[in-house]
Amino acid sequence: MQFVAEYGLFLAKAVTIVIAVLVLVGAAIAISSRHRKAESGHLEVDSLNRKYEEMSEALADSLLSKEELKQKHKQEKKRKKEEQKKHKREIKEGKTGPDKKRLFVLDFEGDIHASAVDHLREEISAILMLAVPGDEIVVRLESGGGVIHGYGLAASQLQRIRDRDISLTVAVDKVAASGGYLMACVADKLIAAPFSIIGSIGVLAQIPNFNRLLKKHDVDFEQLYTGEYKRTLTLFGENTDKGREKMKQELEEVHQLFKAFIKRQRTGLDVAKVATGEHWLGSRALELGLVDELSTSDDYLMAARETANIVEVRFVSKQGLKEKLSSLISSRREQLRRIDGPMMM
């Protein structure tokens, strides 16, 4: 009996310790979870001026002889010394000119759902708390378009920049089509590479229908809804001419809004001529007035480095396993370009 009592006491102590450990682990997990939510992302800022200088120096170090490098460093040291003397003299004489303007660089790589707008809004909000008229924001944009509400929001984020009288330049190296062009046309200056794809000003809705296949296999499909036009087209039910006509009306309405938006942003553009759903290469897009200048984003930024302090700004979010899997699936969907329902731009 004494053994049983001692064993029972030992077991009770062990259970108590296990429970205490589980409580502590649970509390730690909860605190860690709240901490992760509070720090779901952060801004990263890099100087592109310094990046270009480091690249140039690395190349020079590889190609120049020791004597040439010595001479190069000597000249660079002399140049910096003269600039410092000039700056001090201007301060003393009260002739200091304005500092270099600030140029902020953002990247937007659009998928069907315009998922990058979540980061774009954070980046723009951060910059607008600091930027002043005279600064410039360059958005390197690549997108073939997608859902209306996603790209409408993305365009509105860029409009925030214009509303604050901050110069906005959009640079397209590969493609700005449909919803991508809806965003791009907001810019004060729109530049594009000669062989980039521009335009596709139109609206699309496409959906497969399996109704005949279900009937063939004696499968019934029921769909209950209220409101005559709650559902116009369906995957599994039998579509009607009335439903198709209603969908066409909705597409036309969105197309009219799309054209009106572009006309407000680019007043000299013949919107009726280009709003046919066609797309053009950059050189032809320039002739049509869809873009303002032919250039790659690299050339534009390299040319600006002498007169501007260029910083690259990006919002980086922390991804758990769930987010990583979701990102992988979204990427795969983008590759397949499967569209099954919503209207697309």
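The values are calculated or read from the model by the stated rules, or taken from the named source; none is laboratory data. What you are looking at is a predicted structure, and each value in this text was computed from that prediction instead of being measured. Counting neighbours? That spans all protein chains shown, and the Cβs are built from the backbone with ideal geometry, glycine included.
Of the helices (runs of 4 or more DSSP H) lying entirely inside the stretch 235-307, those containing at least 1 residues that are in contact with a helix residue (DSSP H, G or I) (Cβ under 7 Å, 6 or more places away or on another chain), farther than 30 Å from Asn49 by Cα and among the aliphatic types (A, V, I, L, M) span 241-265, 271-274, 282-288. For beta carbons closer than 9 Å, sequence separation of 6+ or different chains, a first residue in the stretch 220-233 that is closer than 16 Å to Arg244 by Cα and a second that is at pLDDT 90 or above and exposed (fewer than 10 other Cβ atoms within 10 Å of the Cβ), there are no qualifying pairs. Put simply, of Glu252, Glu312 the only residue that is under 22 Å from Ala114 (Cβ atoms) and at pLDDT 95 or above is Glu312. Note on the stretch 261-270: residues that are more than 16 Å from Gly180 (Cα to Cα) and of a type in the set (A, V, I, L, M, F, W, C) amount to 1. Scanning the stretch 222-247 for residues that are among the small types (Gly, Ala, Ser) and surrounded by 10 or more Cβ atoms within 10 Å (Cβ to Cβ) returns Gly237, Gly243.
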